[in-house]
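Take this structure first; my questions come after.
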Amino acid sequence: MKSLIFRTASTYLLPLMLLFSIFILLRGHYLPGGGFVGGLMAAIAFLIHSFAFGLKETKEIIKINPGYLMPIGLVLAVGSGMVPLFVNDPFLTGLWFEEPFRFIGMVGSALFFDIGVYLVVIGATLTIMFSITESV
Amino acid sequence: MNNSLIVLPIVIQFLAGTVLLFFWLKTNTQKVLSGLFSAIALVISIWLFMLVWNQGIQVTQSGNWKAPFGISFVADVFGATMVLISSIAGFAVSIFSAGSMRKERLEFGYFPILHFLIMGLQGAFLTGDIFNLYVWFEVVIISSFVMMTLGGKRKQLEGAIKYVSLNLLASTLFLVGIAFIYGLTGSLNMADIAIKINDIQNRGVINVTAGLFLVAFGIKSAVFPMYFWLPASYHTPPAAVSAIFGGLLTKLGVYAIIRSFTLIFGGDEFMGIIMSAIAALTILSGGLGAMMHQNMGKIFGYLIICHIGFMMVGLGIFTELALMGTVFYLIHDIVVKTNLFMVSGVILKINGTQDIKELGGLYKNYPMLSLLMAIPLFSLVGIPPLSGFWAKIFWIQAGLETKEYILIGFIVLGSFLTLWVIAKMWGEVFWKPGEGLPKKANGIYFDQLSGADKWQWIFPVVFLSIISLYIGFAAENIIVLSQKIAGDLMNPTGYIESVLGIKLLMP
Amino acid sequence: MEILLIIIIGLLHAGGLYMLLRRSMFKMIIGLILLGNGANLLIFLMGRLVKGHPPVIEDGLKVFTEIYADPLPQALVLTAIVIGFGLQSFAIILIKRVHRVLETDDLDELNSTDEEI
């Protein structure tokens, strides 16, 4: 898109939306939010950037092929689900650190599961959208 | 009995799929890793089966949520057997794919998708939650969509449109059925539903819900009025894909029908009549369809339909003996159908065509191979003592006990049609003199392959043939197994008690 | 409110079925999407509609004392929507490919796999 306003705005929007998506990801356990919504938001941030500057520039920002985010996220999500198996709890049981961390709050296996989902959603959405855009 | 390790068959396939994703484009590494993971999965499922057989039903409540609230994973003997058989088929197909798949397909992530598909199957066999079953179904069908369309040829795309649209419709109907179940009982745990559904006065609504489930699973398992997508699509992908589809996907539908119509909906008389009618018509249409076709892939496609009809007979009669036959046949059918599609792949590799009119002289040129291929072909017909034979005895006996003479007639007719088709195929492909037949020129044929490559084609066929010989010759073991499963299915008290962790009061 | 939802669900299913019965591939996908949305709304409705009672147990109590909204259908609908999103995007890509290879939108012309013997 050629619009100057859109281009200028999108350069500011990208970091803001990415930060906001991480915020959404972290607050997700007891409040509305979580990996899925956060991931979608991050993907939209990159999409807006690609509308403004074209696919090539967006790919340069992302550096790695978004397809690789999917296996990484999947391993993280299922790995966090498998951890309880080692302490003889059922699959996907939430295990938590005793003390809350600064800024992040309580950290447990659910957070890692959500991060995994976040990465998978970014990877999948961007792959779908990029391949649709490229094939048009 | 609580045991959190029963999710391992699912997790190992998942790990296989994700690890293979990291080796994108490195197809040789993928081949080795896929075989390795499939072998590990086979060992794990044997372990699970032995555990369940010796110690009874194993349950885990994922996330440590108590039974009706969380998602339960249940390994009863039926589920564990299905996991074992599908791991066997998965192992064979993994090896066969390593030999037979073209490089272009492998580069588009064939192996990861194969493992995700088997993961979906294992999940569906182990879950005790109806919505989770829906999710596993979706995992399976989306993987199968990808496997079917990877080639991108005209025929495959046409087949895929039919397959995708019908399966999407089936999923939607399944979802509507789940909505009704949830509205009626307020629960999604199958064991919990089984208890609560008895208290509902309005049997009409329950029959409607059962009808929705029957249509949804019926489309997936290709029974009579909903089967036409199968012969239109199953012969289009390569043999390894057809093998996993023909062997396992339709059987997943049958599994779901057996599970839901024994546990949840119980032997309703109205449903019994419908099942009997569906069974008879499925046998007839599948058998007749197989008679008129000349492409091996299509013939096997129609034979799948015909034999799904056999399995529905057991649900139509709905006695313990009849279900025993169905379970026995299910075990036999997964092994044999997977094997048959691989055999058709080998024949395609030898001669470059699957049209039985253009094939011939196989017995003269490859006598040992032909004898090997005879095992799955004649197991399918059910020539005693091969594996397809025993189940029919139980059905006929159960039919005589309940005076369902028409169904017996259809079983005999279906067996006869199968025999006719296989005999015709044997005559055309193996015994007909092979001189003067057109031979296509392009591509590498079987006799040009190196020894190790040949074994990648032959080993899975040998492996599954040995399994089906075992099912036939050691039938007493499988009969004991299917008797136990049928007993559990007819009387699901043990299942419900283990899942919910309560003691039911016997009426 | 229930009546309104029931009517919407009925309309979505009717529209979906009508679109499925058309001969165009594109309309078939639209029909499947409409049916999927109808099914999702049905699950939502089956959890019973409750207004202004969140499924939160009040402080100091151990169980619910009054009527509460059922949280489960929302989780189910979310799952179904996500799955539907994946399947539908796949189906759309597929019909695009089919349209490019076969150069037709008419389902009646997709019969070469059935005609050969």
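Nothing in this text is a laboratory measurement; each read-out follows from the coordinates by a stated rule. In this text the structure is predicted, and so the values were computed from the model without any measurement. All Cβ positions, even for glycine, are placed from backbone atoms using ideal geometry, and neighbour counts span all protein chains on display.
Once you have the Kirkwood Rh of chain B from its Cα pairs, apply Stokes-Einstein at 20 °C and 1.002 mPa s and quote D in µm²/s.
Working: Rh = 22.8 Å.
Once the numbers are plugged in, D ends up at 94 µm²/s.
Additional query: What 222 nm value per residue comes from the helices of the protein assembly as shown, counting each DSSP H run with n ≥ 4 as -39,500 (n - 2.57) and dividing by all residues, nearest 500 deg cm²/dmol? If you can, show how the numbers build up before the last one.
Details: 31 runs with 540 residues, N = 760.
So the helix-based figure for the protein assembly as shown works out to -24000 deg cm²/dmol.
Can you tell me the mean projection area, over all orientations, of the convex hull of the protein assembly as shown's alpha carbons? Units nm², please.
Values: hull surface 139.6 nm².
Over every viewing direction, the Cα hull of the protein assembly as shown projects on average to 34.9 nm².
When the expected Rg is taken as 2.2 N^0.38 Å, what fraction or multiple of it is the alpha-carbon Rg of segment B:163-320? Display every interim value, and only then the final one.
Numbers: Rg = 16.3 Å, N = 158, 2.2 N^0.38 = 15.1 Å.
Against the compact-globule rule of thumb, the ratio is 1.08.
Taking 0.36 nm per residue of sequence separation and subtracting the Cα-Cα distance, how much length would be gained by fully extending the chain between B:VAL480 and B:LEU371, in nm to one decimal? Working shown, then result.
Working: separation 109, 0.36 × 109 = 39.24 nm, distance 2.96 nm.
Contour length minus Cα-Cα distance gives 36.3 nm.
Under a Cβ-only charge scheme (Lys and Arg +1, Asp and Glu -1), can you give me the dipole magnitude of the protein assembly as shown about the Cα centre, in debye to the nearest 20?
Working: 45 positive and 43 negative charges, 325 e Å.
About 1560 debye.
Further question: Contact order normalised by length for segment A:4-135, with contacts defined as Cα pairs under 8 Å and 6 or more residues apart; what percent is it? Present the calculation step by step, with values, prior to reporting the outcome.
On the way: 169 pairs, mean separation 39.2, N = 132.
Relative CO of segment A:4-135 lands at 30 percent.
Still on this structure, I have one more. Please compute the Kirkwood hydrodynamic radius of segment C:3-94 from all pairs of different C-alpha atoms, in Å with one decimal. Can you show the working numbers first?
Numbers: mean 1/r = 0.0661 Å⁻¹.
So the Kirkwood estimate lands at 15.1 Å.
For the ranges B:52-59, B:215-222, what's the packing order if you count other beta-carbon atoms within 10 Å of each residue, average per peptide, and put the highest first? Can you show the working numbers first?
Numbers: B:52-59: 17.0, B:215-222: 25.0.
Taking the mean over residues of other Cβ atoms within 10 Å, the ranking is B:215-222, B:52-59.
How many partner chain Cβ atoms sit within 10 Å of a residue's Cβ in peptide C:49-61, on average, as a whole number?
On the way: counts 0, 0, 0, 0, 0, 0, 0, 0, 0, 0, 0, 0, 0.
Taking the mean over all residues of the peptide, I get 0.
Related question: Enter the mean number of other protein chain beta carbons within 10 Å of the beta carbon of each residue in B:150-157, as an integer.
Working: counts 0, 0, 3, 1, 6, 3, 3, 10.
Taking all residues of B:150-157 together, the mean is 3.
Let me ask another. Determine the relative contact order of segment B:17-121: mean sequence separation of Cα pairs under 8 Å and six or more apart, normalised by residue count, in whole percent. Before the final figure, lay out each step's value.
Working: 98 pairs, mean separation 42.7, N = 105.
For segment B:17-121, the relative contact order is 41 percent.
Another one. Go through segment B:388-440 and name the trypsin sites (Lys or Arg not before Pro) that are in a DSSP coil and have 12 or fewer other Cβ atoms within 10 Å of their Cβ.
Working: sites: B:LYS392, B:LYS403, B:LYS424, B:LYS439, B:LYS440; in loops: B:LYS403, B:LYS439, B:LYS440.
Those satisfying the criteria are B:LYS403, B:LYS439, B:LYS440.
Another question, if that's okay. Loop-only check: which chymotrypsin sites (Phe, Trp or Tyr not before Pro) in segment A:50-136 are DSSP coil with at most 13 other Cβ within 10 angstrom?
Details: sites: A:PHE51, A:PHE53, A:TYR68, A:PHE86, A:PHE91, A:TRP96, A:PHE97, A:PHE101, A:PHE103, A:PHE112, A:PHE113, A:TYR118, A:PHE130; in loops: A:PHE91, A:PHE97, A:PHE103.
For chymotrypsin sites (Phe, Trp or Tyr not before Pro) across segment A:50-136 that sit outside H, G, I, E and B with at most 13 neighbouring Cβ atoms in 10 Å, the list reads A:PHE97, A:PHE103.
Continuing with this model, one more query. Positive end of the dipole of chain B, charges at C-beta (+1 Lys, Arg; -1 Asp, Glu), about the Cα centre: which of B:HIS307, B:ALA243, B:PHE22 has its Cα farthest in that direction?
Most positive-ward Cα: B:PHE22.
For the Cα atoms of chain B, what angle does the longest principal axis make with the long axis of helix B:405-425, in degrees from 0 to 90, nearest 10?
20
Going by average Cβ neighbours within 10 Å, how do the peptides C:57-65, B:156-164, B:482-490 rank, with the highest at the top?
Values: C:57-65: 7.8, B:156-164: 24.6, B:482-490: 20.7.
Output ranking for C:57-65, B:156-164, B:482-490: B:156-164, B:482-490, C:57-65.
I'd like the FRET efficiency for B:LEU288 and C:GLU115, computed as 1/(1 + (r/R0)^6) with the beta carbon distance as r and R0 of 22 Å, rounded to 0.05. Before the final figure, lay out each step's value.
Working: r = 17 Å, r/R0 = 0.79.
The formula returns an efficiency of 0.80 here.
Averaged across A:62-71, how many Cβ atoms of other chains sit within 10 Å of each residue's Cβ atom? Before the final figure, lay out each step's value.
Details: counts 0, 0, 0, 1, 0, 3, 3, 0, 3, 9.
Shielding by partners across A:62-71 averages 2.
Using a 10 Å cut-off around each Cβ, can you sort B:SER87, B:SER144 from fewest to most neighbouring Cβ atoms?
B:SER144, B:SER87
Follow-up. Could you work out the relative contact order of segment B:133-203, using alpha carbon pairs under 8 angstrom and six or more residues apart, expressed as a whole percent?
Details: 24 pairs, mean separation 15.9, N = 71.
In percent, rounded to a whole number, it is 22.
Magnitude of the Cβ-charge dipole of segment A:4-135, K/R +1 and D/E -1, about the Cα centre, nearest 20 debye? Mind dumping the intermediate values first?
Numbers: 6 positive and 7 negative charges, 78 e Å.
Charge dipole of segment A:4-135: 380 debye, to the nearest 20.
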